[in-house]
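Asker: Encoded as structure tokens, here's the structure I'll be asking about.
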Amino acid sequence: MPIPKPTLWIDADACPRVARDIIIRAAERTRTQAWMVANHALSLPPSAWVKSRMVAQGFDAADNAIVEAATAGDLVITSDLPLAQEVIERGAEVMTTRGESLTLDNIKARVQMRDFMETLRASGEHTRGPNAYTDGDRREFANALDRWLQRHVRA
């Protein structure tokens, strides 16, 4: 019996358009199912491999849908650290849109730092937001996604 291909689950609410385009091309090329999950309608090209799933408006609705759907061996693409932690604990793999791999070894420290920065902001401290998405980030993401797909998907 053949091993089923993993599915890509994309937290599309916060996914840069350029990263979505990379995912679409990669899913088509490797014939890998990709689900763009968002709380709003997405404009996607017609595809047998890339689909959108619109969830209800509301706090963490897209995250909850991804947690429920992702299974061990799937790849979740998100920069949302609490979402990443939940799906990692369920056996899925996580990559950010900058190509960083989030794992059991590094997610807890990342979540703790996020929570610390959130506490600082709540106390009135001004902190920087995330850096702008650059061409280097785009290249890193495209290369990391290609490497992941080569390891996990047989076209």
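Derivation of every value follows stated rules applied to the coordinates shown; laboratory data play no part. Note that this is a predicted model, so its numbers are computed, not measured. No Cβ is skipped: glycine too gets one built from the backbone with ideal geometry, and neighbour counts run over all protein chains shown.
Asker: Using DSSP loop states and a limit of at most 11 other Cβ atoms within 10 Å to flag trypsin sites (Lys or Arg not before Pro), what is the longest stretch of the chain containing no flagged site?
Answerer: 1-127
Asker: So, in Å, what gap is there between the alpha-carbon centers of the range 1-75 and the range 77-93?
Answerer: So the two Cα centres are separated by 14 Å.
Asker: Let me ask something else. Which shape class, rounded, prolate or oblate, goes with the range 2-75 when its Cα gyration tensor gives a ≥ b ≥ c as root eigenvalues, a/c under 1.5 marks rounded, and past that a/b bigger than b/c marks prolate? Each step should come with its number before you reach the end.
Answerer: Numbers: a/c = 2.06, a/b = 1.23, b/c = 1.68.
Taking the square roots of the gyration eigenvalues as a ≥ b ≥ c, the range 2-75 is oblate.
Asker: Compute for the chain: radius of gyration divided by Kirkwood radius, i.e. Rg/Rh, restricted to C-alpha atoms, rounded to two decimals.
Answerer: That ratio equals 0.97.
Asker: Expected output is a single nm value to one decimal: the length gained when fully extending between Asp146 and His40, i.e. 0.36 nm times separation in residues minus the C-alpha distance. What is it?
Answerer: Values: separation 106, 0.36 × 106 = 38.16 nm, distance 2.75 nm.
Roughly 35.4 nm would be gained on extension.
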